[in-house]
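First up is the structure itself, then whatever we jot down about it.
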Amino acid sequence: MEWYGYVGKILRVNLSKEKVKVEDLKLDDVNLFIGGSGLAAKIIYTEVDPKVSPFDKRNKVVCMTGPLTGTIVPGGNKTTIAAKSPLTNAWGEAHLGGFWGPELKFAGYDGVVIEGKASSPVYVLIRDDEVELRDASKLWGLTTSNTEKLIREENKDNKIRVLTIGPAGEKLVRFSVVVSDERVAGRTGMGAIFGSKNLKAIAVRGTGKVKVKEYARLRSLIRRLYPVIMSDPTTQIRALYGTNGEMEVFYEYGDVPLKNFSKGIWDGISKISGQAIVKLMLKRHRACFNCPIHCWKEVVIKEGPYAGVVTRAPEYETAASLGSLLLIDDPNYLATAEYLCNEYGIDVISTGVTIAWAMEAFERGVISEKDTGGLKLEWGNAEVAIELIRMISLRKGFGDILAEGCMRASMTINKGGEDFAIQIKGVEVPMHDPRAFKGLGLQYATSNRGADHLQGAFFRIEQGERVPDLKIYERVDRFSVKGKGWMVAVMQDWHEVLESVGLCKFVRLAPGHIASFYTLVTGIVKRVPELREAGERIFNLKRMFNIEAGLSSESDVLPRRFTREPLSEGGAKGQVVELKAMLREYYEHRGWSENGIPTKETLTKLKLLSLVRIASTNCF
C-alpha cells in the first residue's frame, strides 16, 4: 500500500549476528497502536520476556517515530525510545525532540529495533537504504557532544543526526540517557540499555521526505491554528524564557520541591527562574524541527571552571532538581550542571533527587564522610553537587552507589533511608509536588513508567484548564480528590496518543485539532473517540507488561512524604495526598480489578485479549 505520514518500513539491527533487515509496517498495527510509543509498546510486549533482566541481550530497545514526525505539523518531531527499564525492572520509555526522528523518516524508516549485543563497541550508521555497523572503540568513553562531532567528521557530513550515550550509559548508570543535538531522552535509563548492548550511537542521514495525504488542506489548517498555538499564555512564557519561565508560578502553588520535598518556602526561587537566567546568560533562542515556539534556550556560562562554555539553558526540571531541591540558587552552577549531565549522559531529575536523598541521609546521620569518601553533603553546596554528578556518571567511589538510583541506594545503605527516597516504581519523582495538585499524585502512582509528570500532565487541569473534547468541562479544585480518578485516566490515555503520533506536548491544541492533523497527514480517518480508545489500548498493554514483570496494585503508591508529611508553610501548606480514594475510582473507570489488573471484558473491548499472555500472569 502507499503510506502517508508513515514511511512504511521498520529497520531491525541484530548486534549479536551483525545482521540488518527491513520489515514492512503493518496496517493492523497502525490502526490499533498508531505509532511512536504505541507501536513501541506492541513490539516490546510481543517480543521481550517481561521477566528478563534489563541488561540481558534478549532485551530490545525500540526507537519509534509517529506519523506526524517529520511533517509540516508544528512540533511534529518526537521519537519514543523504549525497552525494559533498569530502574523499574518493568516498562521503560523516554521521549526525544530535536531532529533525529525526522531524519530517520527522511532515511526511509518509521523506527529502529535494536536486538542482541555487540561483541565490542559499535555504532549504527544509516544512510537511506545503506545500513552498517561501525567500530566505536575510539568513541567509547567520549562525551555526547564529542561523539556527535567525531561521527560527523569520520563520515564527512555535518548534517548527520547522531543519537548517542555518554560515559554514564557505558557504565550502566541506571538513569543514564540518550542524547542528540542537546535534546535528551531522559527518563527510565534508556542510555544504560544502549550501553549494555555495546551500542554507542545510532547515526542517520536521509534524503527522502514524508508524504502527506492532504497537503493543501493541512497547510491551510496549520495557518489558521498558528495564532492559536502562539497566543497560549504558557506557550508565550516558554517562547520567551523556556520551560523554566514557570518557576515562580509553580512556586506560588507550593509545587516547586525544596530540600528534598521537605520545605514550603525559600528565598532563592527568583534567582533561578527562567526570567533571571535568560536576562543573565542568554545567547540565542533555538527550536526543534519545525517548531515555532523556540523553547530551547542557549546560554553562556559566565563564572566558574566552565566560564565561556555555550550550553543549553537549565530547563525547569534541572533548575528544580539540581537547584531548589538542593537549596542551591546559583544560575552559573545550574548551567554547568545541565551541561555536565548532558555531556556525561545522565537524567537531571533522577540525578537531583538521588543527590537530595544523599544530602538528607547525611544530615540525618544515616551516612557519614566515611561513606562519601570525605565529602560533606551539605545543603546548598554547589561544589559538592558538581562533584557528585561526576562521581555518579563515572561510578566513582560513593557515586557508584548513587548511580543505582535513590531506591537502590537507600536499600544498599539499609539504615532507614527508604522513607525519604522520593521515588515510585524505582523512578525518581519529577519536580512537581503532588501535595499541591492531588490528581497529579494519582497520575504519579499509576504511571506505567514510574513517577511521570508528562503522562497526563494533570497538574494543568488542576491549574484550571478544561478539555471539552475529552468531557472535562469545568475547573477542578486542586486539593479535592473527588472525580479525579476518571479524569486522570482520560488524560493519561490522551497523552499516549500524543506520544504515539509524534507531536510535542508543548503544541497546546484541542484533541479535535490533533485528530484533524492525523487524518489529513495519513488519510486514515480518526476522530477523537477512536484516537482516545487507541490511547487507552496502549496504556493497558503497558500495564499488562508491568503485571507480567511482577508489578501489581501494591506498586501504585506514593512516597510517605506525600501521604503523611504535610508542609508547614507555602502554597500547599497542610496538604497530603489521599491516594486510596482516588485509586478506587480510577480502577473502576479503567475496568480493572481491585488488584489493578485489566479484566477480560476490558481487554476484549480494547482488542487486546488475543495479544496478552493471560496464562502467564494468573490474572483471572
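The values are calculated or read from the model by the stated rules, or taken from the named source; none is laboratory data. Please read these numbers as outputs of a predicted model, since none were measured by experiment. A quick note on method: Cβ atoms are made from the backbone with ideal geometry, for glycine too, and the neighbour counts reach across all protein chains shown. What goes into the accessible areas is simple: the full protein's heavy atoms, side chains included, and nothing from ligands, DNA or RNA. Shrake-Rupley method; radii C 1.70, N 1.55, O 1.52, S 1.80 Å.
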For segment 257-281, which positions are β-branched (Val, Ile, Thr) and open to solvent by 10 Å² or more (accessible area, probe 1.4 Å)? Ile265, Val278
Within segment 45-58, is even one residue open to solvent by less than 60 Å² (accessible area, probe 1.4 Å), aliphatic (A, V, I, L, M) and touching an Asp or Glu at 6+ places or on another chain (Cβ under 9 Å)? no
Where a residue in segment 183-211 is assigned to a loop (DSSP other than H, G, I, E, B) and its partner, wherever it lies, is β-branched (Val, Ile, Thr), with Cβ under 6 Å and at least six apart: Gly186/Val177; Val210/Thr71
Give me a count of the residues in segment 81-111 that are more than 18 Å from Val427 (Cα to Cα) and not aliphatic (A, V, I, L, M). 13
Got a sec? Which helices (runs of 4 or more DSSP H) wholly within segment 508-620 have at least 1 residues that are touching an Asp or Glu at 6+ places or on another chain (Cβ under 7 Å) and either open to solvent by less than 60 Å² (accessible area, probe 1.4 Å) or more than 22 Å from Leu454 (Cβ to Cβ) (or both)? 511-522, 528-549, 560-564, 579-590, 614-617
Quick check on Arg238: is it more than 30 Å from Leu139 (Cα to Cα), in contact with a Cys (Cβ under 8 Å, 6 or more places away or on another chain) and surrounded by 16 or more Cβ atoms within 10 Å (Cβ to Cβ)? yes
From the list Ser145, Ser119, which one is part of a helix (DSSP H, G or I), among the hydroxyl-bearing types (Ser, Thr, Tyr), on the phi < 0 side of the Ramachandran plot and modelled with pLDDT of 95 or more? Ser145
Given (1) out of contact with any strand residue (DSSP E or B) (no Cβ under 8 Å at 6 or more places or on another chain); (2) part of a loop (DSSP other than H, G, I, E, B); (3) not charged (D, E, K, R), number of the condition Asn448 does not satisfy: (1)
Give all pairs with beta carbons closer than 6 Å in which a residue from segment 496-513 that is farther than 17 Å from Leu541 by Cα meets a residue that is charged (D, E, K, R) and surrounded by fewer than 24 Cβ atoms within 10 Å (Cβ to Cβ); count only pairs at least 6 apart in sequence or on separate chains. Arg508/Asp232; Ala510/Asp469; Pro511/Asp469; Gly512/Asp469
Inside segment 350-381, can you point out the residues that are open to solvent by less than 10 Å² (accessible area, probe 1.4 Å) and β-branched (Val, Ile, Thr)? Thr351, Val353, Thr354, Ile355, Ile367, Thr372
Could you check segment 12-59 and list, in sequence order, the residues that are of a type in the set (Lys, Arg) and more than 21 Å from the chain's Cα centre (by Cα)? Arg12, Lys17, Lys19, Lys21, Lys26, Lys51, Lys57, Arg58
Looking only at segment 33-41, decide whether some residue is open to solvent by 10 Å² or more (accessible area, probe 1.4 Å), under 30 Å from Gln423 (Cα atoms), not basic (Lys, Arg) and not in a helix (DSSP H, G or I). no
Conditions first: (1) outside any helix (DSSP H, G or I); (2) of a type in the set (Phe, Trp, Tyr); (3) under 23 Å from Arg174 (Cβ atoms). Tyr4 passes all but one, so which condition is the exception? (3)
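Condition check ((1) without any contact (Cβ under 8 Å) to a residue 12 or more places away in the chain; (2) surrounded by fewer than 24 Cβ atoms within 10 Å (Cβ to Cβ); (3) among the acidic types (Asp, Glu)) across all residues:
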{"residue": "Ile413", "(1), (2), (3)": "no, yes, no"}
{"residue": "Gln443", "(1), (2), (3)": "no, no, no"}
{"residue": "Gly456", "(1), (2), (3)": "no, no, no"}
{"residue": "Phe459", "(1), (2), (3)": "no, yes, no"}
{"residue": "Glu465", "(1), (2), (3)": "yes, yes, yes"}
How about segment 292-310: which of its residues are crowded, with 22+ Cβ neighbours inside 10 Å and either in a helix (DSSP H, G or I) or in contact with a Phe, Trp or Tyr (Cβ under 9 Å, 6 or more places away or on another chain) (or both)? Ile293, Cys295, Lys297
Return only the number of the condition from (1) touching a strand residue (DSSP E or B) at 6+ places or on another chain (Cβ under 9 Å); (2) at negative phi that Pro233 does not satisfy. (1)
In segment 317-342, what count of residues is obtained for those that are closer than 13 Å to Val256 by Cα and open to solvent by less than 10 Å² (accessible area, probe 1.4 Å)? 9
